[in-house]
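S.K.: One structure, as structure tokens, below. Some questions next.
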Amino acid sequence: MLTNHLKIAFRALWRRKFTTGLNVIGLALGMTAFFFLMEFASFHAGFDSFQANADRLFRIVGTTPEGSQDNVSPMMLAMRSQVHGIEAIPTFMTSASGIVTYKPDNASGASQAVTFKEEDVAYSNNDVFKAFTFQFLAGNADLDKPNTMVITASAAQKYFACGENYQRVIGKRLLVANQFAPTEYAVTGVVRNLPENSHLRGTMFFSLQTLANPTNLGDNSWARLVPDNGSAFLTGYLLLRDGTQASSLAKQISELSKKVDPSANITWHLQPIRTIHTGNGFSDPLPNAAALKYVVIAVSIALFVLSLAWINYINLSTAFGLSRAREIGVRKTIGATRGHLVVPHLLECAMLSVAALLLALTSVELLQSYFNSLLGAELHLGYVFQYGIGAYGIGAMLLGAILSGSYVALVLTGVKPIIVLRGNFTRSANGRFVRKTLVIVQFAVSIAFIAGTLIILRQLDFMSHRDLGMNLEQLLVIDGPQIVENNSLSGNPALVFKQEVERLPFVKQVSGSQNIPGQGYNFSAQGIMRPSGHSDDAKQSYKILQADENYFNTYQMTFDQGKGFQKSDNLGGFKFRSVVLNEASVTQLGFKSSSDAVGQFIQWGNPSEKGQRWQICGVVKNYHHKSLHDAIEPIIFLPSAAATGYFSLRVTIENVQANMAVLEALYKKILPGNPFTARFADDIFQKQYENDVRIGNLFAVFSIMAIVIACLGLFGLTAFAAESRRKEIGVRKVLGATDASIIALLSTEFLKLVAIAFVIACPTAFWLMSVWLEDFAYHVELRSGFGVLVFISSGIIAALIAFITIAAQARKTAQANAIESLRYE
Amino acid sequence: MISLRNLSKYYSAGALKTYVLRNITLEINEGEFVSIMGPSGSGKSTLLHIMGMLDEASEGEYLFLDKPVHKFSEKQRSELHKDHIGFVFQSYHLIDELTVYENIETPLLYQSVKKDERKSMVADILDRFNIVAKKDLFPHQLSGGQQQLVGIARAVISRPKVIFADEPTGNLNSAQGKEIMELFTLLNKQGTTIVQVTHSESNAEYGGRIISLLDGWLQS
Ligand SMILES: Nc1ncnc2c1ncn2[C@@H]1O[C@H](COP(=O)(O)OP(=O)(O)OP(=O)(O)O)[C@@H](O)[C@H]1O
Ligand SMILES: [Mg+2]
């Protein structure tokens, strides 16, 4: 019986190749998009789920009335002995970035030292490897001993070129030069790289215990690992014993910490590690990556695109179903009940779905790397099937198939045989309203997507062309050295390098600074105020940037009033005679204008101490130190001739490659052991928009998909309309109608639907895109000529594509021989 | 077997009722061969559809095998229809994507007849109708007469008590028409009641009784 049904369903599908094809392609497209989006959603929703102890593993986070912090102090962690229910306290210290060097210890010295700058590294204790899930490829973790380390497979390969033979790496030593004293670490274990969906990152884990030795600490007394050190520089986690209540434990810790330090007023929380990425709901007060938003958006779009595809299926099937009405009527006259008829239709739907599914899985397979490059991620289908959300997704897909299949089956089998037998079944109003509504929905979605894409592209364009208040062209940024061995003869070699670079013929200007535009500041500071200031002013926050006297002219910033500082304005240490403000600082400090500010004093700390009272020597015009996402912040520039975090070089355009080689050679010579990294300043700045560009790409892809699906549906419906009006068209042609007028006749009906869709799409897209644009402090204005233009052009694009689709189909009908279509009836 | 009492059918368009059948009282006995005649639009097909339970009367009573069909739900009617009635159409109405064999077999599927039994029943009919050679062809590969033979074979396969035929020879030439009429006569002799609508006097002759309709009225 089933094989019989299958055979007949297959024949029925095969006989209507055209509709079947449209249906399969439409569904497959929708499913492809669905799978991609579900990969994305599952990836983010499933963050840290791979941790075997995820249910018992928490990050310690504190909140104060002012905000939250995810750092803890050694003093805080020392309370361990006073609370029960803790199995392990994995602890990290992430301010570890620096230069890592491997010097092969063969006597001949034939092989070169291997040196890289490492950002993704941390100090940690051995509990980390007890609590978190790591897969050891060789050795094990022994981080409670000083001078040991665990590295990932990729780090092992990078430094030791060990291939798959990780055992070889055990016992090898790496020299780490960062803000602490340069220290050697022996590799005791190699672990598999952390999965992409881990909030915990890192390629090297140095033993935190090493820093317990004051010699290794260097002059960083803040990082002393002693129980009375209250400075919060550690990231702490807790692995709870089975059955321990996280909330009561958190309360206990808070009470203890208030006893130890009543002034701090910190409430401690245990944050489940699975919520560190997504956040626990949308307004989680604890620090998190807020990825839930993306999960929700992706799932919504996924369901939307999938429904578009099912709408298509319903549309096409009920439209063309009329031609099946005869068959159904006949079957009823020979004894079929509705039940008999529904089964084969569901079977057809199932076969279509399976075909579409196979096609979709194939396309996902083929397009995965392209999609990943659009997104800058490493996604694969595995994610969809790995976590709960994927299962719901698949459920939704099945439900869609069952619902739309059943709807179609019910509509089609509802035909009364009498209609058929009367012979007047060629046209029926049945479901026409529904079909029209569905077409409107499809086009509304498409138009909204197109408008969204245009707005995103415009915003990206706006950002890349906005006058930043500085000139980033032909500006090269070289990372300053980490390993600096002061030479008593020539002084700081980093400054020597700067002087040498200045002499190069292709370098016009050089500036040294501790941070750079497009990246960040030195730090934020509170308590800076005018001598006459109110005590509340101390709560205002300022960004601090230390730079040398060439910073402003190298970046070609303009002064509103006054001028930049001199070398001599730095009085040594953290003491300054004069400083530069930007306009935002002038306003925040309460000066009426820049000219009002120049010559005045501000203070930080004790003004009677030398160098804590600063004269304002100039006000630089506001410029975009960060991306246009952020409003321009108040910045205070402190003179620091010895700032060597980054060197910014204004260079000539010619021979960039050769010049780069010259720079590298010079760098290697003067600053041996430091890796040479040079980037263009505008690349650094544009990198801030990486995510925005990705979203733009995604939108473009999905709007294309949406419009293609909508057009597939429209194409089919026009074919149907043309078919059922064949006779009318024949008569009109005999009466002298032109092809064009017939195309117009068939098009207007559908274009009307597109027009209605436009009216629905505009306010929706307007609202959604306004929300998106709010993420940018500086953005294009939708309530403007541009906005009107975007929406009108989206409408026109959709209408044009719709018209081409319709016309292609209508033309065929219009050009058919009129007499033939009449005889056909 | 079929008993109509004061049966009427109208279509309402707004407040206006258009009568298609008026006050029909009619008796058809088991084993009869009845021909319904009348001008176009006189209500012949409508009457046939009501008797065949594909359509409902607006007023009056209809008893089929003494069961009050006019009181039945659609579901009950279609049960009755399925068990006792075969239909033959002027335009054959075969199912395009099924072969001759499958077309004839379909009613048996709906009646849940077992596979082996189905096989022998279909083989038997194919044999009787002399279309064994055509069994794997699709309808569009057959001539009109052959298609109508299949249509009749499909109608009789489930051994109905009565066959309703609406202008079964309307699309056929006279030789083909004659063949169909002879087949009906044979089936009638074997016990099947036959009610046909026809425009042809000579076809009507095959039946034992002629019923005439004019503007929905029964002429006697
Ligand atoms: N759905 C309907 N609404 C209104 N009138 C209808 C409808 N269906 C049929 N009629 C009318 O009922 C009348 C009888 O139709 P019927 O098909 O029974 O005639 P007929 O005798 O079979 O004619 P023919 O010989 O042409 O087949 C016709 O006048 C027709 O217009
Ligand atoms: Mg008729």
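No value in this document is a laboratory result; all are computed from the given coordinates. Everything quoted here is computed from the prediction, not taken from an experiment. Here the Cβ is made from the backbone with ideal geometry for all residues, glycine too, and neighbour counts use every protein chain on show.
S.K.: For A:F786 and B:K119, what does the FRET efficiency come to when R0 = 51 Å and r is the distance between their Cβ atoms, rounded to the nearest 0.05?
M.R.: Values: r = 74 Å, r/R0 = 1.45.
Step by step, r from the Cβ atoms, then E = 0.10.
S.K.: Related question: Could you tell me which of A:I670, A:V651, A:S593 has its Cα farthest along the dipole of region A:592-694 towards the positive end, charges placed at Cβ (Lys, Arg +1; Asp, Glu -1), taken about the Cα centre?
M.R.: A:I670
S.K.: How far apart, in nanometres, would the label points at A:K251 and A:F50 be if each is projected 7 angstrom from Cα along the Cα-to-Cβ direction?
M.R.: Rounded to a tenth, the inter-label distance reads 3.7 nm.
S.K.: Another question, if that's okay. With θ set to phi - 60° and the Karplus curve 6.51 cos²θ - 1.76 cosθ + 1.60, what are the ³J(HN,Hα) couplings of region B:80-94 in order, to the nearest whole Hz, using x for Gly and Pro?
M.R.: Per residue, the Karplus-derived 3J(HN,Hα) values read 4, 4, 4, 7, 10, 10, x, 10, 10, 10, 4, 9, 6, 6, 7 Hz.
S.K.: By how many nm would the segment from A:R192 to A:A665 grow when fully extended, if each residue of separation counts as 0.36 nm and the alpha-carbon distance is taken off?
M.R.: 166.7 nm
S.K.: Then there is this: What lysines does B:K67 reach when the alpha-carbon gap must be under 24 Å and sequence neighbours fewer than 8 apart in one chain are set aside?
M.R.: Reachable lysines: A:K332, A:K416, B:K9, B:K44, B:K75, B:K82, B:K161.
S.K.: Write out the trypsin sites (Lys or Arg not before Pro) in region A:604-702 meeting two conditions: DSSP loop, and at most 13 other Cβ atoms within 10 Å of their Cβ.
M.R.: In loop regions of region A:604-702 (DSSP not H, G, I, E or B), the sparsely surrounded trypsin sites (Lys or Arg not before Pro) are A:K610.
S.K.: Additional query: Can you tell me how region A:54-278 classifies by the Cα gyration tensor, rounded, prolate or oblate, using a/c under 1.5 as the rounded cut?
M.R.: It comes out prolate by the Cα gyration axes.
S.K.: Now a separate question. ³J(HN,Hα) across region B:158-169 via Karplus (A = 6.51, B = -1.76, C = 1.60, θ = phi - 60°), whole Hz, x for Gly/Pro?
M.R.: With the stated coefficients, region B:158-169 comes to 8, 6, x, 6, 9, 10, 9, 10, 9, 6, x, 10 Hz.
S.K.: Please work out the FRET efficiency for the pair A:Q69 and A:Q612, using the Cβ-Cβ distance as r and a Förster radius of 30 Å; give the result to the nearest 0.05.
M.R.: Given R0 = 30 Å and the Cβ-Cβ separation, E is 0.65.
S.K.: What FRET efficiency comes out for the pair B:M1/B:S143, r = Cβ-Cβ distance, R0 = 41 Å, nearest 0.05?
M.R.: After rounding to 0.05, the efficiency reads 0.75.
S.K.: Filter the chymotrypsin sites (Phe, Trp or Tyr not before Pro) in region A:201-284 to those in DSSP coil with at most 11 other Cβ atoms within 10 Å of their Cβ, and list the result.
M.R.: Taking region A:201-284 and a limit of 11 other Cβ atoms within 10 Å, the loop chymotrypsin sites (Phe, Trp or Tyr not before Pro) found are A:F282.
S.K.: Under a Cβ-only charge scheme (Lys and Arg +1, Asp and Glu -1), can you give me the dipole magnitude of the protein assembly as shown about the Cα centre, in debye to the nearest 20?
M.R.: With only Lys, Arg, Asp and Glu charged at Cβ, the dipole is about 1780 debye.
S.K.: Could you list which residues have their amide H under 5 Å from that of B:R209, counting only those 5 or more apart in sequence or on another chain, with H placed in the peptide plane?
M.R.: Distant-sequence amide H within range of B:R209: B:F33, B:S35.
S.K.: Taking every eigenvalue of the Cα gyration tensor of region A:1-137, multiplying by 5 and rooting it, what semi-axes result, largest first, whole Å?
M.R.: After scaling each eigenvalue by five and taking roots: 54, 29, 17 Å.
S.K.: Right, something else. Please compute the modelled spin-label separation between A:A391 and B:I210, points set 7 Å along Cα→Cβ, answer in nm with one decimal.
M.R.: Here the modelled spin labels are 7.6 nm apart.
S.K.: Against the longest principal axis of chain A, how steep is helix A:656-670, in degrees 0 to 90 to the nearest 10, with axes from Cα atoms?
M.R.: 40
S.K.: Kindly express, to the nearest 10 degrees and within the range 0 to 90, the angle between helix A:690-724's C-alpha long axis and the longest C-alpha principal axis of chain A.
M.R.: Between helix and principal axis, roughly 0 degrees.
S.K.: Which lysines does A:K752 reach when only Cα atoms under 25 Å apart count, and residues fewer than 8 places away in its own chain are ignored?
M.R.: Answer for A:K752, where 25 Å is the Cα cut-off: A:K436, A:K727, A:K733, A:K812, listed by chain and number.
S.K.: If you put +1 on each Lys and Arg Cβ and -1 on each Asp and Glu Cβ, how big is the dipole of region A:7-164 around its Cα centre, in Debye rounded to 20?
M.R.: On the way: 13 positive and 14 negative charges, 265 e Å.
It comes to approximately 1280 debye.
S.K.: Which residue, A:L545, B:F87, A:L438, has the largest displacement toward the positive end of the dipole of the protein assembly as shown when charges sit on each Cβ (Lys, Arg +1; Asp, Glu -1)?
M.R.: Positive-end residue among those listed: B:F87.
S.K.: Hey, another quick one. Rounded to the nearest 10 degrees, what's the angle between the helix A:246-260 long axis and the longest principal axis of chain A, both from Cα atoms, 0 to 90?
M.R.: 20
S.K.: For chain B, what is the mean residue ellipticity at 222 nm derived from helices alone (per DSSP H run of n ≥ 4: -39500 (n - 2.57); sum divided by total residues; nearest 500 deg cm²/dmol)?
M.R.: It comes out at -11000 deg cm²/dmol, rounded to the nearest 500.
S.K.: To continue, here is another question. Check B:V20: other-chain or 5+ apart residues with amide H under 5 Å from its amide H, H built from backbone geometry?
M.R.: Under 5 Å from the amide H of B:V20: B:K9, B:Y10, B:Y11.
S.K.: Amide H neighbours of A:Q561 under 5 Å, at least 5 residues apart or on other chains, H built in the peptide plane: list them.
M.R.: The answer is A:V619.
S.K.: Further question on the same structure: Would you kindly state how much longer the chain becomes between A:R173 and A:H380 on full extension, computed as 0.36 nm times their sequence separation minus their alpha carbon distance, in nm to one decimal?
M.R.: So the chain would gain 70.9 nm between A:R173 and A:H380.
S.K.: Let me ask something else. Average partner chain C-beta neighbours within 10 Å, per residue of A:8-15? Write down the numbers at each step before the final one.
M.R.: Numbers: counts 5, 1, 1, 6, 4, 1, 1, 3.
Mean inter-chain Cβ contacts per residue within 10 Å come to 3.
S.K.: Exposure proxy check: A:W767, A:W614, B:W217 ranked by fewest other beta carbons within 10 Å? Could the numbers behind the result be given before it?
M.R.: Values: A:W767 11, A:W614 25, B:W217 16.
Least crowded to most crowded, the residues run A:W767, B:W217, A:W614.
S.K.: Related question: Explain nothing, just compute: Karplus ³J(HN,Hα) = 6.51 cos²θ - 1.76 cosθ + 1.60, θ = phi - 60°, for every residue of region A:349-363 in order, whole Hz, x for Gly and Pro.
M.R.: My calculation for region A:349-363 gives 4, 4, 5, 4, 5, 5, 4, 4, 4, 4, 4, 5, 4, 5, 5 Hz in order.
S.K.: Which of A:L137, B:L94 has the fewest other C-beta atoms within 10 Å, and how do the rest follow up to the most?
M.R.: By the 10 Å Cβ count, ascending, the order reads A:L137, B:L94.
S.K.: Next up: If each residue of separation counts as 0.36 nm, what is the full-extension length gain between A:S535 and A:S724 once their alpha-carbon separation is subtracted?
M.R.: Answer, rounded to one decimal: 59.8 nm.
S.K.: Classify chain A as rounded, prolate or oblate, taking a ≥ b ≥ c as the square roots of the eigenvalues of its Cα gyration tensor: rounded when a/c is under 1.5, otherwise prolate if a/b is larger than b/c and oblate if not.
M.R.: Details: a/c = 2.41, a/b = 1.83, b/c = 1.32.
Here chain A falls in the prolate category.
S.K.: On to the next question. With n ≥ 4 as the cut-off for DSSP H runs, can you work out [θ] at 222 nm for chain A, using -39500 (n - 2.57) per run divided by the number of residues, rounded to the nearest 500? Please report the intermediate quantities before stating the final value.
M.R.: Numbers: 25 runs with 399 residues, N = 825.
-16000 deg cm²/dmol, from helical runs alone.
S.K.: Another one. Need the list of lysines near A:K567 for cross-linking: C-alpha distance under 25 angstrom, and skip anything on the same chain fewer than eight residues off.
M.R.: Within reach: A:K498, A:K508, A:K543, A:K575, A:K610, A:K621.
S.K.: If exposed means no more than 16 neighbouring beta carbons inside 10 Å and the site is in a DSSP loop, what's the longest run of chain B without any exposed GluC sites (Glu not before Pro)? Show your work: numbers first, answer last.
M.R.: Working: sites that count: B:E30, B:E56.
Here the longest segment lacking exposed loop sites spans B:57-220.
S.K.: For the charge dipole of chain B, defined by +1 on Lys and Arg C-beta atoms and -1 on Asp and Glu C-beta atoms about the Cα centroid, which residue among B:T106, B:L172, B:A133 has the Cα displaced farthest towards the positive pole?
M.R.: Projecting each Cα onto the dipole axis, the largest value belongs to B:T106.
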